[in-house]
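To start, the structure under review is shown below, and the notes come after it.
The values are calculated or read from the model by the stated rules, or taken from the named source; none is laboratory data. Here the structure is a predicted model, which is why all the values come from computation and not from measurement. Cβ placement follows ideal geometry from the backbone for every residue including glycine, while neighbour counts extend to all protein chains displayed. Please note that ligands, DNA and RNA were not included when accessible areas were found on the heavy atoms of the full protein model with its side chains. Shrake-Rupley method; radii C 1.70, N 1.55, O 1.52, S 1.80 Å.
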Amino acid sequence: MNLTEQINEDIKSAMKAKDKVRLESLRAIKSALLLAASDKSPNASGEEAELKMLQKLVKQRKDAAEIYNKEGRAELEKDELDQIAIIEQYLPAQLSPDEIKQELQKIIQETGASSMADMGKVMGKANQVLAGKADGKLIAQFVKESLS
């Protein structure tokens, strides 16, 4: 069952259970999937594009939750955090910081990177290897620490 079919089934289940937060989150995913499907760009390949889209939805909600937190809007922040938890169920398991660092050390050795000038090479390879398994900001932070 592909992601679209899974989301449709889960929307039905959420409607039957009257789970408003889950339903809202699933509808956001479905909307993003439909937009991605209508995008005819050549670099949008199935599963990889879906992973990027899900990560983007999570990032948007994290940013919104952070803003709500700063503004003292706890109820809105909680809604965003609840949606993040639901969307993350459709992402592959995220690597721990230690696992990310181990993978990055392997990549740095493979590419022969030794300074910040080589960051582009490392990031390109890291984004391919760790796609969907780690946050891009975290990857960049660890690469900077390793190369400086």
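Could you grab me the full set of residues in segment 105-130 that are closer than 25 Å to GLU47 by Cα and open to solvent by less than 40 Å² (accessible area, probe 1.4 Å)?
Within segment 105-130, ILE107, VAL122, MET123, GLY124, ALA126, LEU130 meet the criteria.
Could you identify the single residue in GLU66, GLU110, GLU80 that is over 17 Å from the mean Cα position of the chain (by Cα) and assigned to a helix (DSSP H, G or I)?
Residue meeting the stated conditions: GLU110.
Do you know which residues across segment 87-107 are more than 12 Å from the chain's Cα centre (by Cα) and in a helix (DSSP H, G or I)?
Scanning segment 87-107 gives PRO97, ASP98, GLU99, ILE100, LYS101, GLN102, GLU103, LEU104, GLN105, LYS106, ILE107.
Could you please find all residues in segment 53-104 being in contact (Cβ under 8 Å) with a residue 24 or more places away in the chain, open to solvent by less than 80 Å² (accessible area, probe 1.4 Å) and farther than 26 Å from LEU34 by Cβ?
If the condition is that a residue be in contact (Cβ under 8 Å) with a residue 24 or more places away in the chain, open to solvent by less than 80 Å² (accessible area, probe 1.4 Å) and farther than 26 Å from LEU34 by Cβ, then LEU95, PRO97, ILE100, GLU103, LEU104 are the ones that fit.
Closer than 22 Å to LYS137 by Cβ, among the hydrophobic types (A, V, I, L, M, F, W, C) and assigned to a helix (DSSP H, G or I): is that true of ALA37 in this structure?
The answer is no for ALA37.
Any residue at all in segment 42-49 that's open to solvent by 50 Å² or more (accessible area, probe 1.4 Å) and touching an Asp or Glu at 6+ places or on another chain (Cβ under 7 Å)?
Within segment 42-49 (the criterion being open to solvent by 50 Å² or more (accessible area, probe 1.4 Å) and touching an Asp or Glu at 6+ places or on another chain (Cβ under 7 Å)), the answer is no, since none of the residues qualifies.
Which pairs turn up if I take residues in segment 133-146 that are outside any loop (DSSP other than H, G, I, E, B) and look for partners that are open to solvent by 80 Å² or more (accessible area, probe 1.4 Å) with beta carbon separation below 6 Å, at least 6 apart in sequence or on another chain?
PHE142/LYS101
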